[in-house]
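To keep things clear, I will list the structure first and then write my remarks on it.
The values are calculated or read from the model by the stated rules, or taken from the named source; none is laboratory data. Note that this is a predicted model, so its numbers are computed, not measured. With ideal geometry, Cβ positions are generated from the backbone for all residues, glycine too; neighbour counts draw on all protein chains shown.
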Amino acid sequence: MFKSSEGLFKGVKFKRPGPTSTASSTRAEAISSWENDLSASDGESAEAIPNFVTRTCSYDDSFEQVLPDHWQPEITVGEELENIRRPPLDRERFEQYFDSEGRLVDEHGFRKAVFRGGIEEDVRKDAWKFLFGYFPCQSTKREREVLELEFAFRYEALKARWKTILAHRGLTGKEEERQTSQSHSDTSACNGASVSSAPSTIQRLCDDGDDEVQQKLSFARFQAKIYASRQPLDENDLENIKKNLRIIDKDVPRTDRDLDFFRGQGNPNLEKLRNILVTFAVFHPTVTYAQGMNDVLSRFLVVMENETEAYWCFTLYLEKVVDDFLETGMIKKLESLKRLLEEIDEPLLNHLARCDMGDLMFCHRWLLLCFKREFEFSQCLRIFEIISSDHLELCSLDAERERDKERAREFQKTDGVSRSAPGSISTEYTFELFVCVTILHEYRNQLRECDDAASIFQMVNGLAQKLDLVDVLGKAESVLLGYCRKSVSSESTFAIIE
């Protein structure tokens, strides 16, 4: 449905055919008149052009919808969204979400704050542990100390298991891995390998000389070995393990080497990156390793600055988006993006299809890496946490509130005679898809100048680090809320009977 003054689509002209003219000549005259009106308007809006007649689409055959080739729907940030972005979440505001025992009691407020402005750098490490599920929001401070201990020993046990297998099977010639596997056979609670990547709280416990503490650590380490031994790992599938190792060893040296965190020869952080990727690949046989995971992991490792914490945050995140790294999952997501673009800007999608880019495969990198290459690193961290906040989706509270407002407006228009009945909510259109559509719409004119797939790829790749993050996020939110309002008009209505 096209609306005259509200909603996502504006500026639709309807012309009544004359009694003696043919449909084709009428359409040609209408388009010519449209273009003359546009040129005469000197940049004014559609509402300022006297010849424009805008109205809701109907089934009246006497009206013809005229859309010239250069027509485009308007995506604008409404007045209520102009200042919707907020400062990043700082330490003081972050601590206000906790109670006296350390529980994060206001998860909704926390995720909303992250969505509105991201997180300050000095708070990001602590906030990401809750954002990505490393710590349950309802856990107390004391419970989190136990969880840290459990996570640290479990990761070291997992890593020790695959390193031992590689050493025994001769799949690696790295002497340090043989030494590490030998050190893990030690029964002491805190050898160098087991605490080398552990959080600082675990290191303090290991340095404690109290016999009771050491006994508890020994028991935790024993439980971790049992946990690791029960994880899926086909020791006979050597070919698949070797294949993953080859790909990982090619990708790791090329990961974010422009960052100080990974710069330089023999950088130990590259070895941590490799350890995490191999650990994930061998213990997740249905997914293993896919190119792009190294770029996703580098974010976690840079922020957490700790191998154990980075592994678990990375693993928990991938469990949520694992389909994106499978061919069928990414194709499904691109098909959803295609349907969304068709609803919002069908002329642009038709143009891309004429250029053999109707599958939107050039958006693959955006979705797989969560726009990592499109923004500089500090901004790519921000958009990553904002999208991962899951605050604004079609099924979220804010989206439903927007639909309720639109239903109330529709109810007032009918003077209380009829009301829209709440319909089903589709969850296939995620916020990241609205970000994609917003970027495509922002550069639709440049895309329409492209006449083949190669020029489209070149144009899209040229957008890297040229996008305004605040502008993109604000408009993407506006488009999503506009879509919510538009969806109300397609709901069934019922009459109010006194």
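Do the conditions hold for Ala464, that is, is it within 20 Å of Lys112 (Cβ to Cβ) and either of a type outside the set (D, E, K, R) or part of a helix (DSSP H, G or I) (or both)? Judged against the criteria, Ala464 is not a match. Residues in the range 232-258 that are surrounded by fewer than 16 Cβ atoms within 10 Å (Cβ to Cβ) and either touching a strand residue (DSSP E or B) at 6+ places or on another chain (Cβ under 8 Å) or assigned to a loop (DSSP other than H, G, I, E, B) (or both): Pro232, Asp234, Glu235, Asn236, Asp237, Arg257, Asp258. Being over 19 Å from Trp128 (Cα atoms), over 20 Å from the mean Cα position of the chain (by Cα) and outside the structural domain of Leu433 (by TED's automatic domain parsing) is a condition met by no residue of the range 291-301.
When Thr315, Thr288, Thr279, Thr308 are checked against the criterion of being surrounded by 15 or more Cβ atoms within 10 Å (Cβ to Cβ) and outside any helix (DSSP H, G or I), Thr288 stands alone in meeting it.
Residues are listed down the side, and each one gets a yes or a no for (1) charged (D, E, K, R); (2) within 27 Å of Lys332 (Cβ to Cβ):
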| position | (1), (2) |
| --- | --- |
| Tyr429 | no, yes |
| Leu433 | no, yes |
| Glu442 | yes, yes |
| Asn445 | no, no |
| Met459 | no, yes |
| Gly462 | no, no |
| Leu467 | no, yes |
| Val472 | no, yes |
